[in-house]
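Enquirer: Got a structure here, written out as structure tokens. Questions coming.
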Amino acid sequence: MITKKRDYLYILFRVLVGFTFFIHGSGKLLGWFGGNVVDYSLSNILFYAGIIETIGGALIILGLFVRPIAFITAMEMLVVLYRAHLPRGLNPLQNGGEPALLFFAAFLVLLAYGSGKLALGNLFRNKKL
């Protein structure tokens with residue numbers, strides 16, 4: 001039975017990952033969902049993270065450019081793990097890196113499987129301009 005619903009479960013996975021990533025970014029940039037707005041400075045790495053997370057999360061939800069976005073966001077999570085969490089120890093449960101590690105794993109799945117069947121990006125495929 002689950003095999004028959006695989007496409008729908010994948011859509012749910014993609015939307016949940018995208019939405020969760022979007023709320024991280026929009027919290028940084030706009031203070032939404034109880035987030036703390038970061039300094040809008042070109043020298044602030046959290047500003048760039050907020051942009052990647054907000055735009056990347058929205059595009060993943062919609063199913064647009066999922067593979068390239070998944071690559072970019074996976075690389076962001078590696079940077080976050082390296083710069084923010086690993087200096088505090090190797091154990092993700094103790095260094096606060098568990099969300100970044102889980103996001104990284106989710107982005108690898110999105111990178112491998114793409115947008116799935118029900119995605120806005122599918123509207124533009126096989127169309128002759």
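Each reported figure results from applying straightforward, stated rules to the coordinates on display, with no laboratory input. Keep in mind that this is a model prediction, so the values were computed, not measured. Positions of Cβ are backbone-derived with ideal geometry, glycine not excepted, and every protein chain shown enters the neighbour counts.
Enquirer: Karplus couplings for the range 33-42 from phi (6.51 cos²θ - 1.76 cosθ + 1.60, θ = phi - 60°), rounded to Hz, Gly and Pro as x?
Expert: 6, x, x, 9, 5, 8, 5, 7, 10, 5
Enquirer: Which of 82, 10 comes first, and how do the rest follow, when ranked by fewest Cβ neighbours within 10 Å?
Expert: Lowest count first: 82, 10.
Enquirer: Enumerate lysine pairs in the chain that are 8 or more residues apart or on different chains, then count those whose Cα atoms are under 21 Å apart.
Expert: Number of lysine pairs found: 4.
Enquirer: To continue, here is another question. Subtracting the Cα-Cα distance from 0.36 nm times the residue separation, let me have the gained length for residue 51 to residue 78 in nm, one decimal.
Expert: Roughly 8.1 nm would be gained on extension.
Enquirer: With unit charges on the beta carbon (Lys/Arg positive, Asp/Glu negative), name the residue among 62, 124, 40 whose Cα is farthest towards the positive pole of the charge dipole of the chain.
Expert: Sorting the options by dipole projection puts first 124.
Enquirer: Counting only helical runs of four or more DSSP H residues, what would the 222 nm mean residue ellipticity of the chain come to if each run contributes -39,500 (n - 2.57) and the total is spread over all its residues?
Expert: Computed mean residue ellipticity for the chain: -20000 deg cm²/dmol.
Enquirer: From the phi of every residue in the range 5-10, what ³J(HN,Hα) in whole Hz does the Karplus formula 6.51 cos²θ - 1.76 cosθ + 1.60 yield, where θ is phi - 60° and glycine or proline is x?
Expert: Those phi angles translate into 9, 3, 4, 5, 5, 5 Hz.
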